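The values are calculated or read from the model by the stated rules, or taken from the named source; none is laboratory data. Keep in mind it's a predicted model, so treat the numbers as computed, not measured. Positions of Cβ are generated from backbone atoms using ideal geometry, with glycine treated the same way; all protein chains shown enter the neighbour counts. Ligands, DNA and RNA are stripped out before the accessible areas are found, and what is left, the full protein with its side chains, is counted by its heavy atoms. Shrake-Rupley method; radii C 1.70, N 1.55, O 1.52, S 1.80 Å.
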Amino acid sequence: MAKEPKLGAKTIAANLAYAANFQIPNTDGIHIGRSTGVNITDSTIQTGDDCASIGDGAKEVSITTVTCGPGHGISVGSLGRYPNEKPVEGIFVRNSTLIGTLNGVRVKTWPAATSGSATDMHFENIIMQNVSNPVIIDQEYFPNNQCKLGSPSQVKISQVSFKKIRGTSASPVAITLVCSKSLHCKGVEVGEIDFAYTGNQGNMTTHCANVHPTLVGKLNPPVSVNSTQSS
């Protein structure tokens, strides 16, 4: 298991206020790649893409007390698009708030792509306010039809936890855990999740595929395995 970075780590970004036109794509607030020991804390990020994105080679990254939105949420990835990507390990996102984002906390990898790995990733004590797709693992990520689904992702995902995440979901599917058909996600834990649905498209649901998560404590909506379940 990777170490969680402490104050005094290699890179610290604190008390930032970043705003970009949310209608302009590819305007990530902060992107971290091929770096070790990065802390982002006490910051507000408004953007047209990911508030914070974590790319290949990132290790021992801590994101705490960040307010994100508008934007696309906080993401690990996308991974697996390019050859020779480095492993991702030790990502901690905690005590943060997402407001009106298109996604919440997310791990995303390309299908039919090169091999890689992402492990020891933890999302905890996060408040969602009218967020679409609040909790996601997406190993079939191909935006704007830039590739075909074809072969499954070759990025190994393991030791991921989503805990104490609560608030309101703007989409009917509040939790999506879609893993690779050839490399099922391992060691996924989901616990103490509590969402209310703000839309009008039926009941709130979850969707899981190629993963058998450990379920802990209160779960609203209930988390299904290899199916879609209403609540």
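Could you check what % of the DSSP bridge pairs in the chain are antiparallel, to the nearest 5?
Here the antiparallel bridges make up roughly 5 percent for the chain.
Normalising by the residue count of segment 152-217, find the relative contact order in percent from Cα pairs under 8 Å and 6+ residues apart. Intermediate results must be reported in sequence, preceding the final value.
Numbers: 138 pairs, mean separation 27.6, N = 66.
Relative contact order comes out at 42 percent.
Find the accessible area per residue for the chain; the probe is 1.4 Å, ligands and nucleic acids are left out, and the unit is Å². If you can, show how the numbers build up before the last one.
Details: 10180 Å² over 231 residues.
Solvent-accessible surface per residue comes out at 44 Å².
By its C-alpha gyration tensor, with a ≥ b ≥ c as the square roots of the eigenvalues, how is segment 10-84 shaped: rounded for a/c under 1.5, else prolate for a/b larger than b/c, else oblate?
Cα axes put segment 10-84 in the oblate bin.
Taking square-rooted eigenvalues a ≥ b ≥ c of the alpha carbon gyration tensor, is segment 133-200 rounded, prolate or oblate, where a/c under 1.5 means rounded and, failing that, a/b exceeding b/c means prolate? Present the calculation step by step, with values, prior to reporting the outcome.
On the way: a/c = 3.52, a/b = 1.39, b/c = 2.53.
Oblate.
Dipole magnitude of the chain about its Cα centre, charges +1 at Lys/Arg Cβ and -1 at Asp/Glu Cβ only, in debye to the nearest 20? Could you put the intermediate results ahead of the total?
Numbers: 18 positive and 16 negative charges, 62 e Å.
In total the dipole reaches around 300 debye.
Take the Cα gyration tensor of segment 65-153, multiply each eigenvalue by 5, square-root it, and list the three semi-axes largest first, rounded to whole angstrom.
Numbers: eigenvalues 123, 51, 15 Å².
Semi-axes, largest first: 25, 16, 9 Å.
What does the charge dipole of segment 8-145 about its Cα centre add up to, to the nearest 20 debye, if the Cβ of each Lys and Arg holds +1 and the Cβ of each Asp and Glu holds -1?
Values: 8 positive and 12 negative charges, 27 e Å.
Dipole of segment 8-145, to the nearest 20 debye: 120 debye.
What shape does segment 1-133 take by its C-alpha gyration tensor, where a ≥ b ≥ c are the square roots of the eigenvalues and a/c under 1.5 counts as rounded, a/b above b/c as prolate, and the rest as oblate?
oblate
Do you know the relative contact order of segment 1-140, to the nearest whole percent, from alpha carbon pairs under 8 angstrom that are 6+ apart?
In percent, rounded to a whole number, it is 21.
Considering only 166, 106, 34, give the residue with the highest GNM mean-square fluctuation for the chain, with springs between Cα atoms whenever their separation is below 10 Å.
34
What order, most packed first, do the peptides 186-196, 60-70 have when packing is the mean number of other Cβ atoms within 10 Å of each residue?
Top to bottom by mean Cβ count within 10 Å: 60-70, 186-196.
Suppose R0 equals 45 Å. What FRET efficiency, 1/(1 + (r/R0)^6) with r the Cβ-Cβ distance, do residue 35 and residue 200 give to the nearest 0.05?
0.55
Any idea what diffusion coefficient the chain gets from Stokes-Einstein, in µm²/s, Kirkwood Rh on alpha carbon pairs, 4 °C, 1.567 mPa s?
75 µm²/s
Identify, among 173, 114, 196, the residue whose Cα sits farthest towards the positive end of the charge dipole of the chain, taking +1 on the Cβ of Lys and Arg and -1 on the Cβ of Asp and Glu, with the dipole about the Cα centre.
114
Pop out the carbon and sulfur fraction of the accessible area of segment 66-123 as a percent, whole number, probe 1.4 Å.
52 percent
Just tell me which aspartates and glutamates come within less than 15 Å, Cα to Cα, of residue 59; anything on the same chain fewer than 8 places away is out.
Partners found: 4, 85, 89, 120.
Multiply the residue gap between residue 189 and residue 3 by 0.36 nm, knock off their C-alpha separation, and tell me the result in nm, one decimal place.
Gain in length upon complete extension: 65.1 nm.
For labels at residue 26 and residue 218 in the simple 7 Å Cα→Cβ model, what's the distance in nm?
4.4 nm
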